[in-house]
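Here the structure comes first, spelled out in structure tokens, and everything after it is commentary.
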Amino acid sequence: MKMLSNLKYQKNHHKAKNMDTFMIIRYVLLILGVMIMVIPMFYMVVSSLKDNATTFIYPPVLFPKFSAITFENYKYILDNVIFFRYLFNTIFVASMTVLISALVSSLLAYSFARLDIPGKKIIYGFIISIMLIPGLAMIVPQFELAAYFGLINKTWGVILFYSAWVIPFSTFLLKGYIEDNVPYELDESIFIDGGSVFSVYRYIIIPMTAPAIAAVSILNFLFPFEELGWSQAILKTDIIRTLPVAITMFFQAHNRTDWGYVFAMSVMAMIPVVIFYLLLQKYFIKGLTSGAIKG
């Protein structure tokens with residue numbers, strides 16, 4: 001009996017030891033992942049507070065002396081560049097992309113999750129397959145399409161194509177969220193009261209999928225702040241350019257790259273995205289984890 005107790009104790013002790021080792025490895029990997037993501041951002045912020053001469057010091061200085069910190073890069077951006085115009089353009093593009101994609105993807109997700117549409121699986125599969133194709137891989141036909149509809153050098157030429165790029169993933173996420181979290185009995189209660197499919201969409205789908213809509217809206221709002229290829233190809237006038245295009249103008253602008261200006265504008269471009277995320281962060285994790293399992 002005592003031997004059995006010892007064996008059981010050793011087995012439990014060995015199991016607990018393995019769990020402790022697993023947890024240590026897990027936390028080490030998490031810390032490494034956080035460092036990989038945070039260090040480049042930290043270096044960007046620090047470099048925006050240094051002049052160009054200090055920026056090129058080797059090895060790089062992650063923690064400069066207080067006396068070496070300068071705000072001249074930010075002063076130059078705000079005084080000599082139409083930064084706020086670029087910022088307004090980007091926020092407008094991002095906001096319209098969020099609104100259009102939220103409306104279209106929620107309607108598509110509701111249709112695929114609830115309605116009996118002929119060929120629904122084929123259509124849904126086609127939409128999801130578009131997620132596998134990078135937007136820039138179709139830049140030539142897209143540019144020809146934009147030229148045909150007169151959207152070259154127009155802000156709406158960016159908004160409409162950005163919306164088309166993000167709608168497939170948004171639809172995928174929202175459809176899974178509806179199937180997992182919105183009981184069909186609620187739809188039936190609307191139908192019993194004489195409501196239509198649009199009544200279900202307005203009074204059931206939209207309120208109950210708000211976390212998922214907020215989650216995809218954060219991702220869609222971020223997209224115009226980081227996409228460069230399409231906006232650079234279609235926007236030719238300085239007055240309608242977005243921030244990513246404006247930042248590239250500092251590369252080799254004076255036969256050299258003024259990295260201090262590049263980093264300063266990049267840091268300021270992060271501010272609207274961070275604010276938007278903070279406003280919707282309580283919905284972000286819930287929306288992503290609930291809708292990503294079932295599609």
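Among (1) surrounded by 13 or more Cβ atoms within 10 Å (Cβ to Cβ); (2) assigned to a helix (DSSP H, G or I), which single condition is A147 missing?
(1)
Have a look at S217, S170, S199, S163 and point out the one that is without any contact (Cβ under 8 Å) to a residue 60 or more places away in the chain and of a type in the set (S, T, N, Q).
S199
Within the range 113-130, which residues are in a helix (DSSP H, G or I), loosely packed, with under 14 Cβ neighbours inside 10 Å and either outside the structural domain of P183 (by TED's automatic domain parsing) or not aromatic (F, W, Y) (or both)? Steps first, please.
First, pick out the residues of the range 113-130 that are in a helix (DSSP H, G or I): 113-114, 120-130.
Keeping just the survivors that are loosely packed, with under 14 Cβ neighbours inside 10 Å gives 120-122, 125-126, 129.
Correct list: K120, K121, I122, G125, S129.
List, please: which pairs have Cβ atoms under 8 Å, are six or more places apart or on different chains, and start with a residue in the range 125-142 that is under 12 Å from A164 (Cβ atoms) and end with one that is modelled with pLDDT of 80 or more and hydroxyl-bearing (S, T, Y)?
Pairs that qualify, where the first residue is under 12 Å from A164 (Cβ atoms) and the partner is modelled with pLDDT of 80 or more and hydroxyl-bearing (S, T, Y), are I127/T171.
Is it fair to say K175 is over 30 Å from Q232 (Cβ atoms), crowded, with 16+ Cβ neighbours inside 10 Å and not acidic (D, E)?
Working: over 30 Å from Q232 (Cβ atoms): yes; crowded, with 16+ Cβ neighbours inside 10 Å: yes; not acidic (D, E): yes.
The answer is yes for K175.
In this structure, is T97 among the β-branched types (V, I, T), touching a Leu at 6+ places or on another chain (Cβ under 6 Å), closer than 19 Å to L160 by Cα and assigned by TED's automatic domain parsing to the domain that holds T257? Show your work before the answer.
Values: among the β-branched types (V, I, T): yes; touching a Leu at 6+ places or on another chain (Cβ under 6 Å): no; closer than 19 Å to L160 by Cα: yes; assigned by TED's automatic domain parsing to the domain that holds T257: yes.
In short, no.
Which ones in the range 207-245 are buried (at least 20 other Cβ atoms within 10 Å of the Cβ), not hydrophobic (A, V, I, L, M, F, W, C) and not in a helix (DSSP H, G or I)?
Correct list: T209, E227, R241, T242.
Restricting to the range 70-89, give me the number of residues that are assigned to a loop (DSSP other than H, G, I, E, B) and either modelled with pLDDT under 70 or exposed (fewer than 12 other Cβ atoms within 10 Å of the Cβ) (or both). Before the answer, list the steps.
Residues of the range 70-89 assigned to a loop (DSSP other than H, G, I, E, B): 70-71, 81-82.
Narrowing the set further to residues that are either modelled with pLDDT under 70 or exposed (fewer than 12 other Cβ atoms within 10 Å of the Cβ) (or both) leaves 71.
Residues flagged as assigned to a loop (DSSP other than H, G, I, E, B) and either modelled with pLDDT under 70 or exposed (fewer than 12 other Cβ atoms within 10 Å of the Cβ) (or both) within the range 70-89 amount to 1.
The values are calculated or read from the model by the stated rules, or taken from the named source; none is laboratory data. Keep in mind that what you see is a predicted model, and the values were worked out from it rather than measured. Here Cβ is always computed from backbone atoms with ideal geometry, including for glycine, and neighbour counts include all displayed protein chains.
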